[in-house]
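Comments concern the structure below.
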Amino acid sequence: MITNKQKELVKATVPVLREHGVLLTKHFYNRMFTHHPELRNVFNMGNQKNTKQQTALALAVLAYAEHIENPAVLMPVLDGIGQKHTSLDVRPEHYAIVGNHLIASIGEVLGDAATPELLEAWTVAYNQLAGIMANHESKLYASKVEKKGGWTGWRPFVVKEKVKESAEINSFYLYPTHGGEVPDFTPGQFLSVRLFLPELNLLQPRQYSISSAPNGEYYRISVKREAGNELLADGLISNRLHNFVNEGDIIEVSAPAGGFVLNADSDRPVVFISGGVGQTPLMSMLESLVESGSKRPKTWIHGCRDNNVHAFKEMIEYWESKNEDVKKHIFYSEVAGDEADDWYAGWVDLNQLGDEIFAPETEYYICGPAGFIELHYRELLKKGIDKQLIHFEEFGPQTLQLN
């Protein structure tokens, strides 16, 4: 058990973590990968290069230090981390490795300020956190295998269909190689795909939202091709799926995970706001509502570059034509035009859509780049929307801090 004195020592490091947290986590990851290069196959190296992983860990360590008196208040955050961990097959033994190198890094970065008492306090604090996380993740793993067809770790899936959705996005229909059912999931969840990247000589994981409603037979992921010559691991994985993975090929997949999910028990109106490929988890939510016969008013707001890159255009139009409670609003940022063309010119602007978009008790789901999410989150708050009704997800390590 951590003592009150040790809690005070941990809290005393908060100012240092606020100012130098990313410096500490960069040092930590470099140290850990030097001693355990095999873990480069577990972590997404693109998120290392763009420093998202270091920033996310720094924010998590800071939050834990700030709430060391009552870490239970962090459970929503810890659940998000746990969802990612179980998707990547992180196990309790990994916590021991991380702990050894995190404590060593604190000592090396702080130098003389890292007294034996401080390092002991952080060791006890870290072990407390690792215990909380390992216990929570064991429950998440158990919930996966309790489902019919459920599993943990990595399982082979065959690509039975590869469908071109737009100039940039392909969908992959993934069926279990054993031929059985796939376990159910909650619309909005993601799964991890793991591929070998010859460019890095590493196995690399990446999460992709499931873009179809639960159906018991397959998972569909819809992947954007990335442009440019200097791609990070995320882009390399996506482009390898586009360029080298074809119908009949087998890839490794982890079980569905994630907490950005549809509140299916609600009867409130729902508004989906997406930018680019951020529509994928929202597609799963909308398809699920349409197929279930839900009469909730459903508004689809989507922005992308132009008609060429607009994935699922025909499917959304079909759902709108067959369901009076489905309305769509499409924005093209690089095409001049007006509303008579059935789309808006420019970036997504909620204020162009009328006050009914901001009706009380409406639920909102936002997915896209971090700046896109923050813009619309702030706009909804300005319109008086209760933040408890606004749900969002940032792809990759969670670094977006919205209050």
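The values are calculated or read from the model by the stated rules, or taken from the named source; none is laboratory data. Worth saying up front: this structure is predicted, and the values here are computed from it rather than measured. Cβ coordinates were reconstructed from backbone atoms using ideal geometry, including for glycine residues, and neighbour counts include every protein chain displayed. The protein model used for the area step is the full one, side chains on, heavy atoms only, and it has no ligands, DNA or RNA in it. Shrake-Rupley method; radii C 1.70, N 1.55, O 1.52, S 1.80 Å.
Taking the 0 to 90 degree range and rounding to the nearest ten, how far is the long axis of helix 370-382 tilted relative to the main principal axis of the chain, both from C-alpha atoms?
Result, in degrees: 80.
Using each residue's phi in region 310-326, evaluate 6.51 cos²θ - 1.76 cosθ + 1.60 at θ = phi - 60° and report the 3J(HN,Hα) Karplus result to the nearest Hz, with x for Gly and Pro.
Going residue by residue, I get 7, 7, 6, 4, 5, 5, 5, 4, 5, 4, 5, 5, 9, 9, 5, 8, 10 Hz, with x marking Gly and Pro.
Region 128-174 to region 222-279: how many Å between their Cα centroids?
Here the answer is 12 Å between Cα centres.
For His329, what residues show an amide H to amide H distance below 5 Å, using hydrogens built from the backbone and excluding near sequence neighbours?
For His329, the qualifying residues are Trp300, Ile301, His302.
Towards the positive end of the charge dipole of the chain, with charges on Cβ (+1 Lys, Arg; -1 Asp, Glu), say which of Leu197, Phe28, Leu231 has the farthest Cα.
Of the candidates, Phe28 comes out farthest on the positive side.
Considering only protein heavy atoms and a 1.4 Å probe, what is the carbon-and-sulfur percentage of the accessible area of the chain?
Looking at the chain in its full context, I get 51 percent from C and S.
With +1 on each Lys and Arg Cβ and -1 on each Asp and Glu Cβ, and nothing else charged, work out how big the dipole of region 177-280 is about its Cα centre, in Debye to the nearest 20.
220 debye
Just to check I understand the Karplus step: with θ = phi - 60° and J = 6.51 cos²θ - 1.76 cosθ + 1.60, what whole-Hz values come out for region 97-112, glycine and proline as x?
Computed from phi, the couplings for region 97-112 are 5, 4, x, 4, 7, 5, 5, 4, 5, 4, x, 6, 7, 7, x, 5 Hz.
Using the Cα centre of the chain as the reference point, and only Cβ charges (+1 on K/R, -1 on D/E), how large is the resulting charge dipole? Debye, rounded to the nearest 20.
On the way: 38 positive and 52 negative charges, 197 e Å.
Charge dipole, the chain, about its Cα centre: 940 debye, nearest 20.
In straight Cα distance, which lysines are under 30 Å from Lys5, not counting same-chain residues fewer than 8 positions off?
Lys26
Please report the antiparallel percentage of DSSP beta bridges with both residues in the chain, rounded to the nearest 5.
That works out to approximately 55 percent antiparallel.
Enumerate the calculated ³J(HN,Hα) couplings along region 193-200 in order (Karplus 6.51 cos²θ - 1.76 cosθ + 1.60, θ = phi - 60°), each rounded to whole Hz, writing x wherever the residue is Gly or Pro.
10, 10, 10, 8, 9, x, 4, 9
What value, in deg cm²/dmol to 500, does the helix sum -39500 (n - 2.57) over DSSP H runs of n ≥ 4 give at 222 nm once divided by the residues of the chain?
-13000 deg cm²/dmol
Just the number please: accessible area per residue for region 152-244, 1.4 Å probe, all protein chains included, in Å².
Roughly 40 Å² per residue, with all protein chains present.
For Lys328, which lysines qualify as cross-link partners when the Cα separation must be under 27 Å and same-chain residues fewer than eight apart are set aside?
List returned: Lys162, Lys164, Lys224, Lys295, Lys298, Lys313, Lys382, Lys383, Lys387.
Between the helical axis of 279-292 and the dominant principal axis of the chain, each derived from Cα atoms, what acute angle in degrees is found, rounded to the nearest 10?
Helix 279-292 sits at roughly 60 degrees to that axis.
Cα extents of region 125-274 along the three principal axes, largest first, in whole Å?
42, 42, 35
Test of the criteria: in region 42-135, which trypsin sites (Lys or Arg not before Pro) are in a DSSP loop and have at most 13 other Cβ atoms within 10 angstrom of their Cβ?
none
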